[in-house]
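Participant: I am attaching a structure below and will ask some questions about it afterwards.
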Amino acid sequence: MSEERLLPVPTQLSQPFWDACRRRELVAQRCAECARFRHYPTPRCPSCQSDRYDWAPLAGRGEVYSYTVCHQAFHPYFADAVPYVLATVELEEGIRMLAFLPDLDPAAIRIGMPLEVCFEQVDESLTLPCWQLCDEPEAGEG
Ligand SMILES: [Zn+2]
């Protein structure tokens, strides 16, 4: 991976999400009217249109909702990583996030596979949420 990496640029709206990642916490907007979580950050609730929300902590656990195995690098930075897995994670709170899973064997990926959040500190100002296989599934489920 020799090319320059593309990194997210926090906005005023998303800054609290990135601030939490720096503290190694995963958060999402939660509507103050209907209590639904949402991600990515939006100014209004897609369910009830309220503009009132807070940033609520998430458990940091979910499962593979969908995935694709990338055999073509869509940016030169990822040329050495192919084939790699991109997955949509459905979190316990019902929202979905994108997961780059470069360490997972593409032949092993399955819908419903349990994932947990981890964090990668890029530099002083940016830490990225990442996902990895859970060591053990939540007790009492399944
Ligand atoms: Zn709402």
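The values are calculated or read from the model by the stated rules, or taken from the named source; none is laboratory data. Since the structure is predicted, the reported quantities are computational estimates derived from the model, not experimental observations. As a convention, Cβ positions derive from the backbone with ideal geometry for all residues, glycine included, and neighbour counts pool all protein chains shown.
Participant: Which residues, taken from the range 115-129, are farther than 20 Å from CYS70 by Cβ and either surrounded by 18 or more Cβ atoms within 10 Å (Cβ to Cβ) or within 13 Å of the chain's Cα centre (by Cα) (or both)?
Facilitator: Within the range 115-129, the subset farther than 20 Å from CYS70 by Cβ is 116-119, 121-127.
Passing the criteria: GLU116, VAL117, CYS118, PHE119, THR127.
Participant: A follow-up question, please. Taking only the range 14-35 into account, find how many residues are surrounded by fewer than 18 Cβ atoms within 10 Å (Cβ to Cβ) and either within 11 Å of the ligand (Cβ to nearest atom) or among the charged types (D, E, K, R) (or both).
Facilitator: 9
Participant: Exactly one of (1) surrounded by 13 or more Cβ atoms within 10 Å (Cβ to Cβ); (2) farther than 16 Å from CYS130 by Cα; (3) more than 16 Å from the ligand (Cβ to nearest atom) is unmet by ALA107. Its number?
Facilitator: Single failed check for ALA107: (1).
Participant: Now for a different question. Could you please give the count of residues in the range 37-77 that are free of Cβ contacts under 8 Å to residues at least 24 places away in the same chain, of a type outside the set (S, T, N, Q) and near the ligand (Cβ under 9 Å from one of its atoms)?
Facilitator: Step one: list which residues in the range 37-77 are free of Cβ contacts under 8 Å to residues at least 24 places away in the same chain, which gives 44-52, 68, 70-74.
When the remaining residues are screened for being of a type outside the set (S, T, N, Q), the result is 44-46, 48, 51-52, 70-71, 73-74.
In the following step, the residues that additionally are near the ligand (Cβ under 9 Å from one of its atoms) were identified as 44-46, 48, 52.
Residues meeting the conditions: 5.
Participant: Can you tell me which residue among ALA99, ALA87, ALA107 is of a type in the set (A, V, I, L, M, F, W, C) and touching a Cys at 6+ places or on another chain (Cβ under 9 Å)?
Facilitator: On the way: ALA87 fails: touching a Cys at 6+ places or on another chain (Cβ under 9 Å); ALA107 fails: touching a Cys at 6+ places or on another chain (Cβ under 9 Å).
Of ALA99, ALA87, ALA107, the one residue that is of a type in the set (A, V, I, L, M, F, W, C) and touching a Cys at 6+ places or on another chain (Cβ under 9 Å) is ALA99.
Participant: Output the residues belonging to the range 89-104 that are modelled with pLDDT of 95 or more, surrounded by fewer than 15 Cβ atoms within 10 Å (Cβ to Cβ) and not in a strand (DSSP E or B).
Facilitator: Across the range 89-104, the qualifying residues are GLU92, GLY94.
Participant: Scan VAL64, VAL69, VAL82 and give me the residue that is crowded, with 17+ Cβ neighbours inside 10 Å and closer than 21 Å to ALA99 by Cβ.
Facilitator: Answer to the selection: VAL64.
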